[in-house]
Every structure is written in C-alpha cells, then in structure tokens.
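Here the structure is laid out as structure tokens; the discussion comes afterwards.
The values are calculated or read from the model by the stated rules, or taken from the named source; none is laboratory data. Quick caveat, the model's predicted, so the values are computed rather than measured. Backbone-built Cβ (ideal geometry, glycine too); neighbour counts: all protein chains shown.
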C-alpha cells in the first residue's frame, strides 16, 4: 500500500477535473454524512469497537477505550496551495490547489477561485468534529461509505462559518477547506486515527474541483 508524502504529492499536470456539486450545509442535506454542530462541548464523537479477526467477538467492555484526541486544525491558503495542519494527530498536508498543481506558486496573495482536490480519506475507528474558531465560510467535500468510491460520489458542502460539522465514522472527507486566507478549527476525533485513502490523481487520473 502507498505511503503518502502529503507535503510533496508530486501530482501530474494537465489532469482533467470532476466538478463536485456545491450545496449549502443543512442538517437535512447532511443526513447520512453527519450533522451541523452549534456547541462542540455538546457533540459526542462516536468510537468504533476494534473489530474481531476471528470467530470470537471482542468483549463488549473492551476495544473502544482509546478515546478521542483533539487540537486545532489550520486551513491556510498560501498562494495557489491550500495547506492543512492538524495538531490533534500531528498531521501536515497539502489539501488542495487553486491551479494545475505543477504550476502552483505560494509567493502571491491572490484569492483562489476554485479548489482542486487530489486525495481523500475516511476513519474507520471513529467520527470527527470540526468547529470553526474564526467565523468565516468554509467547504467540506464528503462522500458516503464504501471502498468502491468514485470521484462522482463526492458532494462539496458550503458552511457559513457560524456552525461546525460532525461526520460519522467511515465518511470520506479531507479536512476542512477555508474559502480564502487562513482559518482555524477545533478538531476532535478518534485517537486510534486509522486512515483509509483514495488518490484521485493516480487511481482515477483526475482531480476533484469545486468553485469557491
């Protein structure tokens, strides 16, 4: 299985894009994916019991005791490159690009007009909470569970910035995407932090696109 270099993904140039529908985030629209969050203190994070590898079940009072981890998730456009940094799991990533990746530069301050997504993942061990610490619009691409994922199954939800997002275990996502500049989020998720990935550039020869 691949080991991803998230800060140097080496994306080929000239890839076609699959445009995601962009819809406003509402509880009805998010049904199945998760829900809006008004108060992060009142939002429990689901933890999935460790699966049994044989015919005997895992004891019911074990296998879900790792709990959660939390920290600040920073989403930061630097020129044409959107960086993500997740203190909860010591992660640092390139989340998206505003232009063809080989042409992307980080030495200007022009606001992005679109985002091009090269990777997504889900967490089988637990859910995840993102709550904005800065009241600014943001975006989250999501897809329902299934390892037979395709780019066409993704929907991009737009958030006004006054509410957070909770997503269930096994929901495909890729962090949170600020519309411009730098934005901070409170992040809480399963401490095991199992990650299952899809690489759109190499598996499907495309990038996912959403206008900003």
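The listed residues are 175, 161, and the only one of them that is buried (at least 22 other Cβ atoms within 10 Å of the Cβ), in contact (Cβ under 8 Å) with a residue 24 or more places away in the chain, in a loop (DSSP other than H, G, I, E, B) and within 17 Å of the chain's Cα centre (by Cα) turns out to be 175.
Checking each residue in the stretch 64-113 for being modelled with pLDDT under 95, more than 19 Å from the chain's Cα centre (by Cα) and surrounded by 13 or more Cβ atoms within 10 Å (Cβ to Cβ) picks out 64, 66.
Residue 57 - would you say it is out of contact with any helix residue (DSSP H, G or I) (no Cβ under 9 Å at 6 or more places or on another chain), closer than 27 Å to residue 145 by Cβ and surrounded by fewer than 20 Cβ atoms within 10 Å (Cβ to Cβ)? Yes, satisfied. Within the span defined as the stretch 14-37, every residue fails to be without any contact (Cβ under 8 Å) to a residue 12 or more places away in the chain and farther than 19 Å from residue 142 by Cβ. Annotation: residue 203 fulfils all but one of (1) surrounded by fewer than 15 Cβ atoms within 10 Å (Cβ to Cβ); (2) in contact (Cβ under 8 Å) with a residue 24 or more places away in the chain; the unmet one is (2). Scanning the stretch 178-192 for residues that are buried (at least 18 other Cβ atoms within 10 Å of the Cβ) and outside any strand (DSSP E or B) yields 179, 192. For the stretch 128-150: of the residues being in contact with a strand residue (DSSP E or B) (Cβ under 6 Å, 6 or more places away or on another chain) and assigned to a loop (DSSP other than H, G, I, E, B), which is nearest to residue 15 (Cα to Cα)? Result: 149. Just checking, does the stretch 40-51 include any residue being at negative phi, under 17 Å from the mean Cα position of the chain (by Cα), surrounded by 15 or more Cβ atoms within 10 Å (Cβ to Cβ) and outside any loop (DSSP other than H, G, I, E, B)? The answer is no, given that none of the residues of the stretch 40-51 is at negative phi, under 17 Å from the mean Cα position of the chain (by Cα), surrounded by 15 or more Cβ atoms within 10 Å (Cβ to Cβ) and outside any loop (DSSP other than H, G, I, E, B).
Residues of the stretch 52-68 include none that is within 28 Å of residue 111 (Cβ to Cβ), part of a strand (DSSP E or B) and in contact (Cβ under 8 Å) with a residue 12 or more places away in the chain.
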